[in-house]
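A quick write-up on the structure given underneath.
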There are 2 protein chains.
Amino acid sequence: MIPFQFDFLQQDAITGARLGRISCRRGQIATPTFMPVGTQGTVKGMLPETLKEIGAQIILANTYHLYLRPGHELIRQMGGLHKFMNWDKPILTDSGGFQVFSLGDLCKIEEEGVSFQSHLDGSRHLLTPELSIEIQQALGSDIVMVFDECIPHPSPRSYVADSTARSARWAMRCRDVLPAGGESALFGIVQGGMERDLRRQSAEELQEIGVEGYALGGLSVGEEAEVMYEMMEYALPLLPQGQPRYVMGVGTPQNLIEGIARGCDMFDCVMPTRNARNGSLFSRYGKLNIKQARYRDDQQPIDPTCNCYVCRNYSRAYLRHLYQSNEVLAAVLNTHHNLYYYQRLMAGARQAIAENRFDQYRADFYRDLETQQ
Amino acid sequence: MIPFQFDFLQQDAITGARLGRISCRRGQIATPTFMPVGTQGTVKGMLPETLKEIGAQIILANTYHLYLRPGHELIRQMGGLHKFMNWDKPILTDSGGFQVFSLGDLCKIEEEGVSFQSHLDGSRHLLTPELSIEIQQALGSDIVMVFDECIPHPSPRSYVADSTARSARWAMRCRDVLPAGGESALFGIVQGGMERDLRRQSAEELQEIGVEGYALGGLSVGEEAEVMYEMMEYALPLLPQGQPRYVMGVGTPQNLIEGIARGCDMFDCVMPTRNARNGSLFSRYGKLNIKQARYRDDQQPIDPTCNCYVCRNYSRAYLRHLYQSNEVLAAVLNTHHNLYYYQRLMAGARQAIAENRFDQYRADFYRDLETQQ
């Protein structure tokens, strides 16, 4: 068995950007990396082969959704999530905590875990750290996240303190049932809201527990981007250099660039896939809303500098027609393009870090964004 | 320019099945052939490259829909439908007649044409034979259908007689504006309802006009399958041997097998694509409804004898999960499989005719259908 390993390969000369490589039993992941979100055992509208073609190295799957439907025991019986969904590269699973709070009804937090009602059928469930790990292992996850509470923002300091302490106790219980050295790596999640001392305390407690990687949770929850960047700047250096750093649920292309500049290695966000289904398309020169009448007879591709399958073969006029006609292919092509945009952004960042010019890459990124189309 | 040509290559030894080849400027079409339906400038959920991979040689596009949205002038301006939708093989366009009656509101038939209200925005339009041809030419259609009325079933004989005579006059007007020898072939449509003498009269009138191919219209409109087969048996021999014969809007796999046995060369139907989106999947051993609870933990592919991408990579359990979760990929994978099934059925038929064993092919088809899964 190939053990989980992170190689910190290079530090950018000017910024905090890091070049790295994760190795695990299902392959290698060049970092910084963006993980497309495959909530229900599919990255919406994408074939697994197409995800690979555009450079996706790892995807994220949601424990909450798969636990409720089709059920983790069914997926275990079917040979695990990789086989079920025909994806043989690494999968990171979240712990279910975030969705329990955002989607479940009548959530009640106790020391044991969180009780909630399913948003699908109203059935009652109790999700504990131990059950979260059991589900993630049944799925066959390569990177398992500790069960935690994503603290709402803003919250009173006393709430943040209590929640952060409880999340640390939950993280310990996760480590107890998923010891190091097995088939799945365990990542801890630094909480602490916008309180620096609580973030520090959380980071220290996780390091005492000992995990294979560290995430920042509770960011991109409604705070200003500057506040998020400041918290990244504060919290990321509290983590060990030699292990991967993941900022959960982040974010926009700008967020990714700024996160990389501050030393973050891994990101996930529904933005490229969800925006695609709403007709919001990324390009080097800013976002396009393909619904707009201005694209009615526009023969250009979404992004004239993009080399993706969609930009090589389809006009804005056609994509607008598909969107207006509510065609399945609109979601398929728009998602393909947006994910390609994200993957290209990350590949460019890795190249730039390798060549010690990430600062210039970031400057060019902003210059292009501000260029009038 | 390559002129439109049909080569009648071989007649099956026992049945009326024919092997043929259509040649036109955008490629060759081995017949019998099934044309996937791409109503709004896309075969729902399918990439053009995937359509080619599974053996589609020609697709059908709908004049009514494209005229209303995005508009034929826009598509002309974008370089034609082939370029607009990224499909470089032949396209057959219907005349719009059928959809005007089935989708339009307040239809009124006059000698000049049919006035109707758009089902999209209520706008009023008059579709004439001349406009239908103009639209189909703006789209860049390879095979243009004459404008006709698809007679409702049942209808009084007097209505059938009047409508059939008017459709013949409309066919003449179509030929007048689309003479033989140009870039697009013109196919006539034999009407006459379930009245044999009117079918004969219609077939004769079309031959006097002179068209590059002949369709049977007004079938699969609610009559018993046996009635349809009898009408095929009666009407197909009225048509010239050396030109392609197309039965419009047909049909089920059984209908295709029976149509081929009676000498039909071309078919189109929304069944494989529409059924796919409703979770109804074709297999050698009959249809599966993937929604059913029996497939919850079924690790088999849809059809264990099918070699398509979907059957090689996904279980019934996964496809059921996607369907139940209302995922985009459900439509994508189900459509892929169903169209592959239809294409494989036709490829097998062509091979069987070439080897003078279509009768056995048909017998095997029914034997498999009746096999318990």
Check your understanding: How big is Rg to Rh over the protein assembly as shown, alpha-carbon atoms, Rh as the Kirkwood inverse-mean-distance radius?
Key -> 1.05
Check your understanding: With point charges of +1 on the Cβ of Lys and Arg and -1 on the Cβ of Asp and Glu, referenced to the Cα centre of region A:1-145, which listed residue (A:Q99, A:M35, A:Y64) lies farthest in the positive direction of the dipole?
Key -> A:M35
Check your understanding: For the charge dipole of region B:222-319, defined by +1 on Lys and Arg C-beta atoms and -1 on Asp and Glu C-beta atoms about the Cα centroid, which residue among B:V247, B:I302, B:P272 has the Cα displaced farthest towards the positive pole?
Key -> B:I302
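Can you give the accessible area buried between chains A and B, summed over both chains, with a 1.4 Å probe, in Å² to the nearest 100?
So the total buried area for this chain pair works out to about 3300 Å².
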Point to revise | Nitroxide proxy distance, nm - points 7 Å out along Cα→Cβ at B:A354 and B:R367 | key: 2.3
Review point. Got a sec? Which residues of region A:76-104 lose 30 Å² or more of accessible surface with every protein chain in place, vs. that chain alone, 1.4 Å probe?
Key: A:Q77, A:M78, A:F84, A:N86
Check your understanding: What does the convex hull of the alpha-carbon atoms of region A:206-278 project to on average, in nm²?
Key -> 5.2
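In region B:169-323, carbon and sulfur make up what percent of the accessible area (probe 1.4 Å)?
Carbon and sulfur atoms account for 44 percent of the accessible area of region B:169-323.
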Review point. Just which residues of region A:319-348 lose 20 Å² or more accessible area with every protein chain there, against their chain alone, with the probe set to 1.4 Å?
Key: A:H321, A:Q324, A:S325, A:E327, A:V328, A:L329, A:V332
Check your understanding: When the Kirkwood hydrodynamic radius is evaluated over all pairs of different C-alpha atoms of region B:221-262, what value in angstrom, to one decimal, is obtained?
Key -> 10.8
Exercise for review: Could you work out the per residue convex hull volume over the alpha carbons of region B:191-237, in cubic angstrom?
Suggested key: 65
Check your understanding: Which of the lysines could a cross-linker bridge to B:K83, judged by Cα under 26 Å and excluding same-chain residues fewer than eight apart?
Key -> A:K287, A:K291, B:K44, B:K52
**Study point:** log₁₀ of I(q)/I(0) at q = 0.13, 0.14, 0.15, 0.16 Å⁻¹ - region B:222-325, Debye sum with one point per alpha carbon
**Key:** -0.60, -0.66, -0.72, -0.78
Practice item. Quick one: P(r) of region B:104-247 from all Cα-Cα pairs, 5 Å bins, percents rounded to integers, in order of increasing distance. Key: 2, 10, 19, 21, 20, 15, 9, 3, 0
Point to revise | Solvent accessible area, Å² - A:D359, 1.4 Å probe, full protein context | key: 60
Check your understanding: So what is the diffusion coefficient of region B:47-92 in µm² per second by Stokes-Einstein at 4 °C and 1.567 mPa s, using a Kirkwood Rh over Cα pairs?
Key -> 116
Exercise for review: Could you state how much accessible area B:S315 has, in square angstrom rounded to the nearest 10, with a 1.4 Å probe and all protein chains kept in place?
Suggested key: 20
Check your understanding: So for region B:17-103, what percent of the C-alpha to C-alpha distances run longer than 20 Å?
Key -> 37
Check your understanding: Which distances, in nm and shortest first, link the A:S102 label point to the same label point in every other copy, taking 7 Å along Cα→Cβ?
Key -> 4.2
Review point. Just how large is the dipole of region B:1-148 about the Cα centre, in debye to the nearest 20, putting +1 at every Lys and Arg Cβ and -1 at every Asp and Glu Cβ?
Key: 480
Review point. Per residue, what accessible area does region A:178-261 have, given a 1.4 Å probe and all protein chains present, in Å²?
Key: 34
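Using alpha-carbon pairs under 8 Å, 6+ residues apart, how would you state the relative contact order of region A:85-220 in percent?
Answer for region A:85-220 is 21 percent.
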Revision key, fill the gap. With Cα springs under 10 Å, the Gaussian network model of chain A assigns the largest mean-square fluctuation among A:D303, A:D265, A:D105 to A:D105
Review point. Volume per residue, Å³, of the convex hull around the alpha-carbon atoms of region A:71-133?
Key: 100
Practice item. Tell me the label-point distance for the pair A:N278, B:Q77, using the 7 Å Cα-to-Cβ offset, in nm and rounded to one decimal. Key: 2.9
Check your understanding: Along Cα→Cβ at 7 Å, what distances in nm separate the A:E224 label point from those on the other copies, shortest first?
Key -> 7.9
Practice item. Could you work out the per residue convex hull volume over the alpha carbons of chain A, in cubic angstrom? Key: 135
Review point. Got a number for the accessible area of B:R124? Probe 1.4 Å, square angstrom, nearest 10.
Key: 130
Point to revise | Per-pair calculated FRET efficiency, R0 = 45 Å: A:R296 and B:I14 via Cβ, rounded to 0.05 | key: 0.25
Revision key, fill the gap. Amide H contacts under 5 Å for A:Q10, restricted to residues at least 5 apart in sequence or on another chain and with H modeled in the peptide plane, are A:L19
Review point. When Lys and Arg each count +1 and Asp and Glu each count -1, what net charge do the other residues less than 12 Å away from A:L288, Cβ to Cβ, add up to?
Key: +4
Review point. For label points placed 7 Å from Cα toward Cβ, what is the shortest-first list of nm distances from A:V270 to its copies?
Key: 3.1
Study note, to complete from the structure: Scalar couplings 3J(HN,Hα) for region A:323-339 by Karplus 6.51 cos²θ - 1.76 cosθ + 1.60 (θ = phi - 60°), nearest whole Hz, x for Gly and Pro, are 5, 5, 8, 6, 7, 3, 5, 4, 4, 5, 6, 5, 5, 4, 4, 4, 5
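Tell me the per residue accessible area of region A:47-101 using a 1.4 Å probe; a whole number in Å² is fine.
Per-residue value: 29 Å².
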**Study point:** region B:172-256: radius of gyration and largest Cα-Cα distance (Dmax), Å
**Key:** 13.2, 39
Point to revise | Dimensionless Rg ratio for region A:3-155, taking C-alpha atoms and the 2.2 N^0.38 Å reference | key: 1.13
Exercise for review: Taking amide H positions as placed in the peptide plane 1.01 Å from N, state which residues far from B:S283 in sequence (5 or more) or on other chains have amide H under 5 Å from it.
Suggested key: B:L288
**Study point:** Using alpha carbons only: equivalent-ellipsoid semi-axes of region A:271-373, gyration tensor based, whole Å
**Key:** 26, 14, 11
Check your understanding: So for the pair B:S102, B:K52, with labels modelled 7 Å out along Cα→Cβ, what separation do we get in nm?
Key -> 2.9
Check your understanding: Which percent of the accessible heavy-atom area of region A:1-96 goes to carbon and sulfur, probe 1.4 angstrom?
Key -> 50
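The values are calculated or read from the model by the stated rules, or taken from the named source; none is laboratory data. Computed from a predicted model, the values in this text were never measured in an experiment. Don't worry about glycine lacking a Cβ; one is built from the backbone with ideal geometry, like all the others, and counts go over all protein chains shown. Accessible surface is based on the protein model in full, side chains and every heavy atom, while ligands, DNA and RNA are left aside. Shrake-Rupley method; radii C 1.70, N 1.55, O 1.52, S 1.80 Å.
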